[in-house]
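Quick notes on the structure that follows.
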Amino acid sequence: MAADIYRGGRLTDETSRELVDYITSCRDDVEIFDKIVEINVAHVIALLKAEAMTKEDASSLVRALLKADEGLLTEGTAMEDAHMAIEAFVIERAGKAGEYLNMGKSRNDQVAAAIRMRLRDYIVEIVDNSSKLVASLLQKSGEYRDAIMPGYTHLQPAQPTTLGYILMAHAEAIIRDLHRFVEAYNRVNLSPLGAAAMSGSTVRVSRYYLARLLGFKSLVDNAVDAVSSRDYIVEYLAALLSLSLEISKLSEHLILWSNPNLGYIELPDEYSSTSSIMPNKKNPVVAELARARAASPAAALVGISMILKSLPYSYNLDLQDATRYLWLASRDVLSTLRILPKLIDGMKADRDRMRLDARRTIVTASDLAEHLSMKHGIPFRTAHRIVGRLVKRAIEEDLEWGPGLKGILEEIAVGEGYEIDLDEGELSDVMDVGKAVERRRHVKLSGEEYILLLEELGARTRRILAWKDAVTEELKKSRTLLEERAGSVVRGG
């Protein structure tokens, strides 16, 4: 195969292997190799349609393109990128006809299109696998809707909640991220083809026809913008980062809750590991790596932003380095999304341990302060101080939080200038964690409202999956169209 089909004109034939090794993108172009082949096939079909190529030449080119495979990137040839490798392969197979392959297009618009096409696939995969994670979270939310536990602020016991409600919070946040991907897809799915290097070409192929063959919804109209813009990558990575931050938060919860000092949940053995020296260990390694790999989109977003921040119009090879960050971040997040739902599915919770902790950690103190204010006419700030002193006494004297503190509470209230006479049953209801959860139906923490929210989140997820199925079908139709037209060209039609 030719070493460098672009040299011998403005530049001499000579080049150094050291230079090629430095500037080549072949390692990263594995991600877009098939897309580049599809773009070339579509371009040949468009050239034929524009009567810029003979049927015989078009047939030879498509035949050669359909035989190209990723092995071209690993053969040790001195190629700058997949575009060069594919074109050199076609020239070798089709002879002089192969030299028409790049007429009317540039690597600049071609790589921009290939990145967008690969990102479409990633978005569909991420939405699909994220939806499975949401489904697992919602299933566990239903299973543990009444599994009472202490909720935390500042990582300190705060108010009562349920394990199901916390898992549902993760699900709702991830659903918002799915909507971000749906919206980003619309701006990814625009064709830059026809822009050539930066100002189009005198070869008048139909940009709309090319877009249709490759499944693009519309065009990036301005040719300079088409080849140089990477804002759609920034938007995609921002959505990926938001999703990853939620995954990291979920992973942190799984790690904390599975710690024996809390003992709220037990993670499945098949998604845990042990120590090489400590036989007592059960390490939450999947959650730990999920937490770690959530950093990948952040690194990619910062790295790509720094590449983009000072680039003049239009194309610069700096953009080549941006994609390696993009593909690594996408692979890292997908690897997590494929395994995390199975970890959630196998998780088991200790209801008794969580409820005991909720009672022990005095998470109904705010309920008591609000009760004193609303039912006994004590200004809330004063009620807050009264209950705070009660909590302090209970902790210092190791007293159980419950109606047995009635006398101490009334004594503290007198010290603040308020005489109250609390019924023990009344006080028991206010301080009980189960009753506290029941009182929070208005935030959908319990009751029918909880079930309706669970159903609504499931419905939202199904609507997103319906969108995923629709765009998958659209892409399938465009591939079928491309294959049909390619087959016709090969047959000389």
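Quick notes
- Residues being of a type in the set (D, E), more than 15 Å from E31 (Cα to Cα) and touching a helix residue (DSSP H, G or I) at 6+ places or on another chain (Cβ under 9 Å) - total across the stretch 49-88: 5
- Taking the criterion of being under 14 Å from V430 (Cα atoms) and buried (at least 16 other Cβ atoms within 10 Å of the Cβ), the residues of the stretch 371-382 that qualify are H371, L372, S373.
- Of the candidates N189, N129, the single residue that is in contact with a strand residue (DSSP E or B) (Cβ under 9 Å, 6 or more places away or on another chain) and closer than 20 Å to R463 by Cβ is N189.
- For the stretch 249-304, the set of residues classified as over 18 Å from the mean Cα position of the chain (by Cα), part of a helix (DSSP H, G or I) and not aliphatic (A, V, I, L, M) consists of H253, W257, S258, D269, E270, Y271, listed by residue number.
- Test: residue in the stretch 40-58 that is in a helix (DSSP H, G or I), under 15 Å from A486 (Cβ atoms) and without any contact (Cβ under 8 Å) to a residue 60 or more places away in the chain: yes
- Options G104, G98; residue that is under 23 Å from D225 (Cβ atoms) and either among the acidic types (D, E) or more than 33 Å from the chain's Cα centre (by Cα) (or both): G104
- Some residue of the stretch 388-397 being crowded, with 19+ Cβ neighbours inside 10 Å, touching an Asp or Glu at 6+ places or on another chain (Cβ under 6 Å) and at pLDDT 95 or above: no
- Within the stretch 148-186, considering residues that are free of Cβ contacts under 8 Å to residues at least 12 places away in the same chain and not in a helix (DSSP H, G or I), the one surrounded by the most Cβ atoms within 10 Å (Cβ to Cβ): Y152
- Residue in the stretch 7-15 that is buried (at least 21 other Cβ atoms within 10 Å of the Cβ), at pLDDT below 95 and either touching a Cys at 6+ places or on another chain (Cβ under 9 Å) or of a type outside the set (A, V, I, L, M, F, W, C) (or both) present: no
- Of the residues in the stretch 26-39, none is outside any helix (DSSP H, G or I) and more than 34 Å from the chain's Cα centre (by Cα).
- Any hit, the stretch 349-363, residues being surrounded by fewer than 18 Cβ atoms within 10 Å (Cβ to Cβ), in contact with a Ser or Thr (Cβ under 8 Å, 6 or more places away or on another chain) and not charged (D, E, K, R): no
- Members of the stretch 10-25 that are in contact (Cβ under 8 Å) with a residue 12 or more places away in the chain and part of a loop (DSSP other than H, G, I, E, B): T15, T24, S25
- Answer residue from the stretch 262-290, given it is free of Cβ contacts under 8 Å to residues at least 60 places away in the same chain and of a type in the set (G, A, S) and is nearest to L155 (Cα to Cα) among those: A287
- Failed criterion for E80 (all others in (1) assigned to a helix (DSSP H, G or I); (2) outside the structural domain of R338 (by TED's automatic domain parsing) hold): (1)
- None of R463, R479, R485 is charged (D, E, K, R), surrounded by 19 or more Cβ atoms within 10 Å (Cβ to Cβ) and farther than 21 Å from A394 by Cβ except R485.
- Pairs are defined by a Cβ separation below 6 Å, a sequence spacing of at least 6 or placement on different chains, a first member in the stretch 196-211 that is assigned by TED's automatic domain parsing to the domain that holds A223, and a second member that is among the acidic types (D, E) and surrounded by 16 or more Cβ atoms within 10 Å (Cβ to Cβ); the pairs so defined are A196/D109.
- Test: residue in the stretch 407-418 that is surrounded by 18 or more Cβ atoms within 10 Å (Cβ to Cβ), touching a Phe, Trp or Tyr at 6+ places or on another chain (Cβ under 8 Å) and among the small types (G, A, S): no
- K435 vs. criteria under 30 Å from M53 (Cβ atoms) and surrounded by fewer than 17 Cβ atoms within 10 Å (Cβ to Cβ): no
- Restricting the stretch 216-242 to residues that are over 23 Å from the mean Cα position of the chain (by Cα) and not in a helix (DSSP H, G or I), the residue that is nearest to S296 (Cα to Cα) is V220.
- Residue check, G215 free of Cβ contacts under 8 Å to residues at least 24 places away in the same chain and either closer than 30 Å to Y450 by Cβ or not β-branched (V, I, T) (or both): no
The values are calculated or read from the model by the stated rules, or taken from the named source; none is laboratory data. Every value quoted in this text rests on a predicted model; they were computed, and no experiment measured them. Cβ coordinates were reconstructed from backbone atoms using ideal geometry, including for glycine residues, and neighbour counts include every protein chain displayed.
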